[in-house]
1. Taking H placed 1.01 Å from N in the peptide plane, check which residues at least 5 places from Asp138 or on another chain put their amide H under 5 Å from its amide H.
2. Pick out, from Thr137, Thr154, Val112, the residue whose Cα sits farthest towards the positive end of the charge dipole of the range 24-236, with +1 on the Cβ of Lys and Arg and -1 on the Cβ of Asp and Glu.
3. Loop-only check: which GluC sites (Glu not before Pro) in the range 120-188 are DSSP coil with at most 10 other Cβ within 10 angstrom?
4. Which ³J(HN,Hα) values in Hz, rounded to whole numbers, follow from the phi angles of the range 168-175 under the Karplus curve 6.51 cos²θ - 1.76 cosθ + 1.60, where θ = phi - 60° and Gly and Pro get x?
5. Cα atoms only: what Rg and Dmax, in Å, come out for the range 75-190?
6. How far apart, in nanometres, would the label points at Lys32 and Ser215 be if each is projected 7 angstrom from Cα along the Cα-to-Cβ direction?
7. Hey, for a label at Val112 modelled as a point 7 Å past Cα toward Cβ, could you say which residues of the range 173-191 have their backbone N under 15 Å away?
8. With each label point set 7 Å from Cα along the Cα-Cβ vector, what nm distance links Leu236 and Lys169?
Amino acid sequence: MFKRLTVALTICALAAGVAAQKKPKSWTEWSKKDAEKILNDSAWGQTQIESDLSEMFFTPTQRGGFNDTSRAREGATNEEVHIKFYVRFFTARPIRMAHARLTSLQNPDLQVALALKKFAEIQPSDITIVTLWFDATDQRTGGKVFQALTSAETSILRQNAYLERKDGKRFFLQEYVKPGKDGFGARFVFPRKVDGQPILTPDSGEVRFHAELGSNRELKVDRRFKIADMIYNGQLEY
């Protein structure tokens, strides 16, 4: 009886080992929910939510004899406004895989699939790209954010956008690319190597993305990513 029990336990242990070694699901098998999680809530993609409570309650456009011209001209929403900023390491393959998967779910054409596969799996060269996009519950507020993204210039953003390691070392923006029709959002381009060395390694601890946009730098986006979580198939992706 004890021999049978030992054999049974051995079989269970082997089965558990096989299950533990099972390869993760291929990106071509991801569901819509899987892909969206990679984009919005993962090691490579995060969401920053801002809530503007100032519009939640009605405020007259006349205040003590002074006219609030902004409200008179634009009107008040009279409700809380939420803005979601999506920060994604676009040069990390999981992010491109998620974009490709969502596209392929909408368009299963074979030629499109081949192009998406190349787009998703190509290795980055000498740059690191972080994309920034948003959703807003209020059209007027969303329009202001869109204007800030489309009017921004590299020369202005150079000192207001950077990647920062845990040791305090900052890597400032090389180039800013305005949002296009591809739906990926604005692109913040940073170096991938400095003095021949990668700016991030598995020992870097964390990396922070920081950007300030708008005429008065009123739009601030700041997210931190844990380097240890940015490993995909044994490789650091950023």
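What follows is calculated from the coordinates using simple rules that are stated; it is not laboratory data. No experiment lies behind these values; they were computed from the predicted model shown. Please note: Cβ atoms are built from the backbone with ideal geometry, for glycine as well, and neighbour counts cover all protein chains shown.
1. Those qualifying (amide H under 5 Å, at least 5 residues apart or on another chain) are His82.
2. Positive-most Cα among the choices belongs to Val112.
3. Glu153
4. With coefficients 6.51, -1.76 and 1.60, one gets x, 5, 10, 10, 7, 4, 9, 7 Hz.
5. Using the Cα atoms of the range 75-190, the pair Rg, Dmax is 16.7, 49 Å.
6. About 4.0 nm, to one decimal.
7. Inside the label zone: 182-183.
8. Placing both labels 7 Å along Cα→Cβ, they lie 0.9 nm apart.
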